[in-house]
1. Rounded to whole Å and ordered largest first, report the semi-axes of the equivalent ellipsoid of region 312-436 derived from its Cα gyration tensor (root of 5λ).
2. Residue 71 versus residue 388, label points 7 Å from Cα toward the beta carbon: distance in nm?
3. Binning every alpha carbon pair distance of region 39-184 at 10 Å from zero, what are the percents per bin?
4. Using alpha carbons only, how many degrees (0 to 90, rounded to 10) separate the axis of helix 381-411 from the longest principal axis of the chain?
5. So between residue 423 and residue 112, what do we pick up on full extension, going 0.36 nm a residue minus the alpha carbon distance?
6. Which one, 402, 303, 54, has the greatest fluctuation when you compute a Gaussian network model over the chain with C-alpha springs under 10 angstrom?
7. As I understand it, the value is the acute angle between the Cα axis of helix 150-160 and the longest principal axis of the Cα atoms of the chain; what does it come to in degrees, rounded to 10?
8. What's the FRET efficiency of residue 177 with residue 79 using the Cβ-Cβ distance as r and R₀ = 25 Å, to the nearest 0.05?
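No lab work stands behind these numbers, since they all come straight from the coordinates. All of these numbers come straight from a predicted model, not from anything done at the bench. Note that each Cβ is placed from the backbone with ideal geometry, even for glycine, and that neighbours are counted across all protein chains shown.
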């Protein structure tokens with residue numbers, strides 16, 4: 001027994017002096033626990049949240065194909081994030097792109113941290129950011145629902161991740177040039193929503209309208225699925241915006257409060273607009289307004305007071321309703337599930353309103369100059385900075401998306417045939433269908 005204890009003590013002493021344990025760790029247990037939960041919540045937003053939301057809004061014959069696109073985004077983007085996308089986004093200090101130091105999560109161990117999140121294990125920071133890349137690519141599927149080849153969608157999101165998402169995330173969150181300019185985007189108004197919406201708009205124009213658009217009944221198959229998906233997205237957004245504080249603290253809780261209030265006020269505003277113009281408040285309108293409020297509050301959520309969230313949500317409900325009705329008719333595009341009208345317009349609107357409402361005391365972080373504030377606190381220039389960030393990102397995303405789509409079209413063809421579209425993508429793309 002004595003020999004056992006001596007051996008055990010020797011092993012423990014040796015283990016304690018290995019490099020992974022030699023230095024004092026900055027990792028905070030409470031922050032880590034919250035961010036594990038937040039990561040799960042953001043993944044929940046894509047599967048099952050977005051998968052159910054989108055599947056309920058398409059026709060029955062395309063339900064499984066739409067769900068498959070959400071799962072494809074999770075599968076492919078997660079692996080590509082591990083291989084190279086994380087490294088290109090969050091390592092190095094280049095103005096336009098990161099470096100390859102973190103290929104295949106190189107150098108990660110139990111105590112390693114990223115300087116952008118020093119209180120979290122780097123592995124947790126990496127996978128949390130992975131879930132943002134996943135849902136951004138998955139959102140685009142809503143614009144091309146009912147008519148895009150599954151193989152084309154996979155090739156598109158693979159290229160789009162590296163050409164659009166990675167640079168944009170680095171520019172704003174990874175220490176790139178937009179961050180240096182002072183552009184504020186707390187949780188993805190530009191990186192996630194604007195990019196997904198603009199990509200969706202370009203894709204809708206390139207693919208063309210669905211067969212029967214404007215002449216046939218293209219009503220949603222099951223709004224109960226869409227409502228459940230919205231509820232999951234709503235709850236998941238607490239991790240999306242609250243988790244972007246990267247710690248379990250007051251900034252996270254304030255972001256969650258603003259997020260919830262914006263969702264409520266966005267849903268009410270859209271509902272009232274429908275009630276006034278169409279005489280009845282629809283469930284589709286209510287859930288669309290909630291998503292509009294959630295998307296629009298995202299870039300501002302960690303920088304504002306609760307009442308600002310209410311104002312931003314109300315504004316989002318009205319403006320996004322206008323974009324999905326009047327503007328959509330005038331521009332004559334078939335964005336199947338209104339990704340541009342809700343996420344693109346909402347992301348741009350929220351990013352600019354961040355420059356209006358940002359409270360200086362909330363923005364004293366390592367990413368932003370001390371005392372940075374919005375228009376209401378006397379800094380009108382922040383609105384201009386936000387608008388410049390929107391403009392640069394919009395142009396890059398639109399041009400790059402167009403080029404990617406054209407290349408994919410040459411390689412495999414973007415759109416299914418008219419016969420396959422008539423039969424439905426469930427059968428023609430996946431060889432299965434929903435029976436009820």
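1. Working: eigenvalues 318, 66, 43 Å².
Rounded to whole Å, the semi-axes are 40, 18, 15.
2. Rounded to a tenth, the inter-label distance reads 4.6 nm.
3. 12, 38, 32, 15, 3
4. In the chain, helix 381-411 runs at an angle near 70 degrees to the longest axis.
5. On the way: separation 311, 0.36 × 311 = 111.96 nm, distance 5.19 nm.
This chain segment gains 106.8 nm when fully extended.
6. 402
7. It is inclined by approximately 50 degrees.
8. Values: r = 29 Å, r/R0 = 1.14.
Calculated value: 0.30.
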